[in-house]
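Visitor: Submitted below is the structure of interest, expressed as structure tokens.
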Amino acid sequence: MPVKSVLRRTRYLLLAAFSIHLLPSLAAAQIDIESQRGDDLPVGISGTMGGDLTVRTGNVDFVQVGLQARLYDVRESVTTLLVGDGGFGFLGSSRFASEGLAHLRQTYPFRRYLSPEWYTQINYDRSQLLTFRALLGGGARTFFASGSWGDFGAGSALMFEHERLSLPDSASHPDRTTTLRWSNFLTLRVVPTPGLVVTSTTYAQPEFANPGDVRVLGNVRLATAVTEALSLTVSFNLRYDSDPPDGIAALDTTLRTGVTYSY
């Protein structure tokens, strides 16, 4: 086997292992894949790794660490995306947050503006009392418009979801649920200048049998290039759950800044 091919396979496996390693460590209920998608992906293997750090001392001793990794394998007939997202936070000497996920997705270029895809994901989120979630979904995406300015698109999928929650016996919300959701998204990616990319994505995920039970995810992400391989990022995330577990707020928002390395 050629040396170059061996190195590529080794890098693929190392990053995959790194992604799974992050699993027991920061992530949304379902990751915003649209802000994770690359631009003009080359054929073969490519990806990014990044992280962010928040430290406060004085009246409050606060430390929060986030790590992200994504890997693309682009072939003529299919594009594979593997994402790992993990992190943890400390308030004083106690761990107050711990989240993690691994996400695998394959997209097939069927027509110029239509691409079927499927995905699977496992994750947990201590701050949401979520001990385990598994997703399996399939659908398609399309682009309404695209050009040098960016692109505007949408997607829809049926998503099987299984959750386990850590709840007290007195809780009214069930500690285990299995359901089918209809996941829909709109995404807008704008490139105002060659060194700046702005991505906005909104998901709506109603339960198939009960449309009143809906989850909404929103993300706005700015990435500014420092070098060809290094970028500074700022992202705002919103999560709304119309039927949250007992003691959990329906709305969560997060503002994060970080650094991303592309290869």
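Visitor: Length gain on complete extension for the stretch A171 to T120, per 0.36 nm per residue less the alpha carbon to alpha carbon distance?
Guide: That works out to 15.4 nm of additional length.
Visitor: Separate question: Tabulate in residue order the Karplus-calculated ³J(HN,Hα) for region 223-237, using 6.51 cos²θ - 1.76 cosθ + 1.60 with θ = phi - 60°, rounded to whole Hz; enter x for Gly and Pro.
Guide: Couplings: 10, 10, 6, 9, 9, 4, 9, 10, 9, 9, 10, 10, 9, 10, 10 Hz.
Visitor: Reported to two decimal places, what Rg/Rh ratio describes region 66-136 when computed on Cα atoms with Rh from the Kirkwood expression? Each step should come with its number before you reach the end.
Guide: On the way: Rg = 16.1 Å, Rh = 14.1 Å.
On the Cα set of region 66-136, Rg over Rh gives 1.15.
Visitor: Still on this structure, I have one more. With each label point set 7 Å from Cα along the Cα-Cβ vector, what nm distance links V234 and E76?
Guide: With each label placed 7 Å out from Cα toward Cβ, I get 4.4 nm.
Visitor: To the nearest 0.05, how large is the calculated FRET efficiency for T257 and R112 if R₀ is 35 Å and r is the Cβ-Cβ distance? Could the numbers behind the result be given before it?
Guide: Values: r = 36 Å, r/R0 = 1.03.
Given R0 = 35 Å and the Cβ-Cβ separation, E is 0.45.
Visitor: How large is the charge dipole for region 152-263, taken about the Cα centre, if only the Cβ atoms of Lys, Arg (+1) and Asp, Glu (-1) carry charge, to the nearest 20 debye? Could you put the intermediate results ahead of the total?
Guide: On the way: 8 positive and 11 negative charges, 104 e Å.
With only Lys, Arg, Asp and Glu charged at Cβ, the dipole is about 500 debye.
Every number in this text was worked out from the coordinates using simple rules, so none of it is lab data. Model, not experiment: these values are computed from the prediction. Glycine also receives a Cβ, built like all others from the backbone with ideal geometry; neighbour counts cover every protein chain displayed.
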